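Attaching a single structure in structure tokens format; questions to follow.
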Amino acid sequence: MAENEINTENDATVEQEEGNAVCKNIKTLDDLQECLKEIALDELKVLKIINSSIESFPSGSFVEFESVTTIMLNNCKLVEVPPDHFQGLNSLTTLSFENNNISKIPQGRFDNLTTLETLNFDSNKIETVESSIFSPLTNLKCLILSKNQIKSLDPEAFQGLTSLEKLDLQQNKIETLDENIFKGLEKLKELLLSNNCLEKLPDEIFNDLTSLELLDLSNNKFQTLQRFDNLKQLKKLQLNENSFSTLPEDFCQNLEQLEVLNLSENNLNALNATFLQGLKNVKEILLNSNKIVNLPEELFDNLDTVTLINLQYNQIEELSKKNFKNLNNLNQLILDNNSITTFDKPFEDLTSLKSLSLRNNKLSDLNPNLFENNSSLETLCLDENKIESVPTDFFSCLGNLKKLSLSKNNINKLARDTFTGLGGLQSLILEKCHIQQIEVGAFNGLASLIELSLEQNLIEKVESSTFENLQRLNRLELSSNKINDIDSDGFEGLMNLRLLNMESNAITEIKSGNFKDLTALEWLSLKYNNIKTLESSCFQGLENLKLLELSFNSLEIEIDGTFEGLNELQFLYLVNCGLKGIKSLASDVLYNLILLDIAYNGINDLALDFFDNLPGLSFVKMYGNTVPTKKFVELINKYPDITFYDESL
């Protein structure tokens, strides 16, 4: 219970602290009266009655709360706005009826509430808003009517709201708006009309909205719109999720202050070459998820302030050098999921570009000079194309690149010096590329690389010197290849590697010295291979290893000192390995081992002194073995600090 919480007989509660009072679980008028009596009026500023079941409030319920600035009657199942209940509350600035069952707002409910600044009716059942209901609220700044069932608004519904700055009508059923509906709202800055059923707007509907900065018309049924002549201060225009197929050639002519234009998820196909002209301060243009096939060469002319262009999920087939000319401030360009097959150096003017994504196109031949002017690039995604090889020196101008992804291409072989020039690269993703061969020196020049992923390729062997000079590499992913052999110097040079994932390969034997160079390794997974043999000292060099995963192999041996030298080991997984038994994990004491999982091996006996060299062991999972119950009882009695998990216990 809270420090200042009071409970009534019927579970209603009152919490009061530092000028705030919260009443919960009110179910009857008696509960309400009892709770209100408990509230100290001195310095009370905020009154919340929430999560209750009361359809109406008796007259005079709030008459004593003269100093209150905020009243919230949220989630109370109210069916009406209480009449005359707020008379005399001359300090009231916020009034909320969120998440109730109110279907109508009668006239006169807000008379004399001249101090009110925020009125919230979100998530009710209001169907219509009548004339002048809110007109007494001359200081109202925020009116929220979202998530109702409003179909019609009287042309004078918002008359008198001369101070209004935000009007939220989202998620209703509005089909039409009168041309005078927003008349007199000169101070309005945010108008939210998303998720309605609007198909068109009167020509002069926004004429009085000279202060408007945000207009959200997303998720309606618009097929076309006239230009917005009087919205001189508009900064953000949301038109996404409509049915536009085209827009007038002068559509943006008078939107000089606009910073964000969102036209995503429409049916745009044939774009007027000049429809963006006039955007002198635009920062973001979102045209993704349309049906654009051809980009007019003049489309982005004179938009030298733009920093982000999103064109993903269209049907663009080619780009020319004129498409993005003079966009000197463009930082991010997204072209994923198109049908681009050819380039004519479209990025040569993008000297400030930091992120370029071309995922899931049809690129095959790469122009060697494609990125010669893009030295600022930090992230490059070329996933899911048809690239078979990378030209020599292709990345030579990208010294600032930090992340490169080439996954899901058809790169059979990584040739020597493929990544020359990428001295700042930290992450290289080459998953599902059909890579069979990695030449020695393929990773030359990647002195800053931290993460390398080669998952789901066709690599059969980790050869000597493959990863030489990757001194900073922290994470190496080699899972789901066809690796069946590891040269003794296969991991030479990886002195800072922390994680090595070799799951789901074809390894049958771990030889002595395979991991000798991985002195910093902390996480090693070899599960889902076909390992049958663990040579003596096969984990030599792994003095910092904390987790070893060997589950789902075919060891079929009795463990006896196999994990010698793994003094920092904390987690050891040997699930379903066909183990015959365990004499000892190591001759030394493994002080740090916390968890041992030997489930589903069919082990039928364990020596009682097996755990003596594991003083830190807390958990042992032994499901799916056949150790007799008597032996388990002995284990539990001898090692009371260890929790054993087994279906027989």
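Can you name every residue in segment 297-345 that is more than 31 Å from the chain's Cα centre (by Cα) and polar (S, T, N, Q)?
302, 320, 326, 342
Name the single residue, out of those in segment 539-592 being among the small types (Gly, Ala, Ser) and in a loop (DSSP other than H, G, I, E, B), that is modelled with the highest pLDDT.
Filtering first and then ranking leaves 551.
Give me a count of the residues in segment 460-479 that are in a strand (DSSP E or B) and either in contact with a Leu (Cβ under 9 Å, 6 or more places away or on another chain) or touching a residue at least 60 places away in the same chain (Cβ under 8 Å) (or both). Step through it out loud before you land on a result.
So the first thing to find is which residues in segment 460-479 are in a strand (DSSP E or B), and the list is 461-462, 475-477.
Now drop any that are not either in contact with a Leu (Cβ under 9 Å, 6 or more places away or on another chain) or touching a residue at least 60 places away in the same chain (Cβ under 8 Å) (or both), which leaves 462, 475-477.
Final tally of qualifying residues: 4.
State whether the residues of segment 82-99 include one that is closer than 29 Å to residue 153 by Cα, in contact with a Cys (Cβ under 6 Å, 6 or more places away or on another chain), modelled with pLDDT under 95 and outside any helix (DSSP H, G or I).
For segment 82-99, residues closer than 29 Å to residue 153 by Cα, in contact with a Cys (Cβ under 6 Å, 6 or more places away or on another chain), modelled with pLDDT under 95 and outside any helix (DSSP H, G or I): absent.
Go through segment 278-378 and tell me which strands (runs of 3 or more DSSP E), entirely inside it, have 3 or more residues that are in contact (Cβ under 8 Å) with a residue 24 or more places away in the chain and within 26 Å of residue 223 (Cα to Cα).
So the answer is 284-286, 308-310.
A further question on this structure: With respect to residue 497, determine if the residue is more than 24 Å from residue 595 (Cβ to Cβ) and either free of Cβ contacts under 8 Å to residues at least 12 places away in the same chain or assigned to a loop (DSSP other than H, G, I, E, B) (or both).
For residue 497, the condition - more than 24 Å from residue 595 (Cβ to Cβ) and either free of Cβ contacts under 8 Å to residues at least 12 places away in the same chain or assigned to a loop (DSSP other than H, G, I, E, B) (or both) - is not met.
Which members of segment 155-185 meet the condition of being among the charged types (D, E, K, R) and part of a loop (DSSP other than H, G, I, E, B)?
Hits for segment 155-185 are 156, 165, 173, 175, 178, 179, 183.
Please work out which one of (1) touching a Cys at 6+ places or on another chain (Cβ under 7 Å); (2) crowded, with 21+ Cβ neighbours inside 10 Å is the condition residue 306 fails and give its number.
Answer for residue 306: the failing condition is (1).
Another one. From 553, 567, 544, grab the single residue that is farther than 19 Å from residue 579 by Cα and out of contact with any Ser or Thr (no Cβ under 7 Å at 6 or more places or on another chain). Give the steps one after another, and end with the answer.
Working: 553 fails: farther than 19 Å from residue 579 by Cα; 544 fails: out of contact with any Ser or Thr (no Cβ under 7 Å at 6 or more places or on another chain).
Among 553, 567, 544, only 567 is farther than 19 Å from residue 579 by Cα and out of contact with any Ser or Thr (no Cβ under 7 Å at 6 or more places or on another chain).
Then there's this: In segment 137-159, what count of residues is obtained for those that are farther than 21 Å from residue 209 by Cβ and either in contact (Cβ under 8 Å) with a residue 60 or more places away in the chain or buried (at least 18 other Cβ atoms within 10 Å of the Cβ) (or both)?
Within segment 137-159, the subset farther than 21 Å from residue 209 by Cβ is 147-149, 151.
From the residues that got through so far, the ones that are either in contact (Cβ under 8 Å) with a residue 60 or more places away in the chain or buried (at least 18 other Cβ atoms within 10 Å of the Cβ) (or both) too are 147-148.
Selection size over segment 137-159: 2.
What single numbered condition from (1) surrounded by 15 or more Cβ atoms within 10 Å (Cβ to Cβ); (2) at positive phi fails to hold for residue 108?
(1)
Scan segment 200-212 and give yes if some residue there is in contact with a Pro (Cβ under 7 Å, 6 or more places away or on another chain), within 16 Å of residue 153 (Cβ to Cβ) and not basic (Lys, Arg), otherwise no. Please lay out each step first, then the result.
Step one: list which residues in segment 200-212 are in contact with a Pro (Cβ under 7 Å, 6 or more places away or on another chain), which gives none.
Within segment 200-212, not a single residue is in contact with a Pro (Cβ under 7 Å, 6 or more places away or on another chain), within 16 Å of residue 153 (Cβ to Cβ) and not basic (Lys, Arg).
Checking residue 217 against (1) more than 28 Å from residue 157 (Cβ to Cβ); (2) in contact with a strand residue (DSSP E or B) (Cβ under 9 Å, 6 or more places away or on another chain), only one condition comes out false. Which one?
That leaves (1) as the condition not met.
Next up: Among the residues of segment 577-596 satisfying the criterion of being buried (at least 19 other Cβ atoms within 10 Å of the Cβ) and either in contact (Cβ under 8 Å) with a residue 40 or more places away in the chain or not aliphatic (A, V, I, L, M) (or both), which is nearest to residue 524 (Cα to Cα)?
Here the residue is 577.
Scan segment 498-525 for residues that are among the aliphatic types (A, V, I, L, M) and touching a Ser or Thr at 6+ places or on another chain (Cβ under 9 Å) and jot them down.
Of all residues in segment 498-525, those among the aliphatic types (A, V, I, L, M) come to 499-500, 502, 506-507, 510, 518, 520-521, 524.
Result: 499, 500, 502, 510.
The values are calculated or read from the model by the stated rules, or taken from the named source; none is laboratory data. In this text, all values refer to a predicted model and were calculated from it rather than measured experimentally. Neighbour counts are summed over all protein chains in view; Cβ atoms, including those assigned to glycine, are modelled from backbone coordinates with ideal geometry.
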